[in-house]
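Q: Please find one structure pasted underneath; my questions will follow.
The values are calculated or read from the model by the stated rules, or taken from the named source; none is laboratory data. As the structure is a prediction and not an experimental result, all values here were calculated from the model. A quick note on method: Cβ atoms are made from the backbone with ideal geometry, for glycine too, and the neighbour counts reach across all protein chains shown.
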Amino acid sequence: MKQIGNLAVVCARRQDVLLQVGSEKVCVHVGAGPERNTLHAAWNDDDAIQRIVHELNFGRYAAGRNGLHTAQQDCPVGRGKEKIA
């Protein structure tokens, strides 16, 4: 559960990302329209959440990759079906 805070910070800096935390699950929606993807993890699975953070920072969903051209922002408004486990 320690990694949820890190994930929230990463998502808050990106306009193309929406973080949802629900009962027992976190979902990160990346991109928009037909290019939108969703990453899922259990809310208490720190290893899976850390992998999502890595993908958002350095991997497939890093800003500027695969059509994700929005830069990181200080105060975003963001808005996808992949499970990271």
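Q: Filter the range 31-70 for residues that are modelled with pLDDT of 95 or more and in a helix (DSSP H, G or I) and give the result.
A: Asp46, Asp47, Ala48, Ile49, Gln50, Arg51, Ile52, Val53, His54, Glu55, Leu56, Asn57
Q: Continuing with the same structure: Restricting to the range 1-42, give me the number of residues that are under 15 Å from Ala63 (Cα atoms), touching a His at 6+ places or on another chain (Cβ under 8 Å) and of a type in the set (S, T, N, Q).
A: Within the range 1-42, residues that are under 15 Å from Ala63 (Cα atoms), touching a His at 6+ places or on another chain (Cβ under 8 Å) and of a type in the set (S, T, N, Q) number 1.
Q: Next up: Across the range 22-50, which residue is nearest to Ala12 (Cα to Cα) among those that are in contact with a strand residue (DSSP E or B) (Cβ under 8 Å, 6 or more places away or on another chain) and of a type outside the set (A, V, I, L, M, F, W, C)? Explain how you work it out, then say what you get.
A: Filtering the range 22-50 for residues in contact with a strand residue (DSSP E or B) (Cβ under 8 Å, 6 or more places away or on another chain) gives 24-31, 36-43, 48-49.
Narrowing the set further to residues that are of a type outside the set (A, V, I, L, M, F, W, C) leaves 24-25, 29, 31, 36-38, 40.
On the way: Glu24: 21, Lys25: 18, His29: 12, Gly31: 14, Arg36: 17, Asn37: 17, Thr38: 16, His40: 17 Å.
Among those that are in contact with a strand residue (DSSP E or B) (Cβ under 8 Å, 6 or more places away or on another chain) and of a type outside the set (A, V, I, L, M, F, W, C), it is His29.
Q: For residues that are surrounded by 15 or more Cβ atoms within 10 Å (Cβ to Cβ) and out of contact with any Cys (no Cβ under 6 Å at 6 or more places or on another chain), scanning just the range 29-42, find the one that is farthest from Asp16 (Cα to Cα).
A: Residue satisfying both the conditions and the ranking: Ala41.
Q: Taking the range 16-28 on its own, how many of its residues are of a type outside the set (Asp, Glu) and surrounded by fewer than 17 Cβ atoms within 10 Å (Cβ to Cβ)? Walk me through it before giving the result.
A: From the range 16-28, those of a type outside the set (Asp, Glu) are 17-23, 25-28; that's our starting set.
So of that shortlist, the ones also surrounded by fewer than 17 Cβ atoms within 10 Å (Cβ to Cβ) come out as 20-23, 25.
Qualifying residue count for the region: 5.
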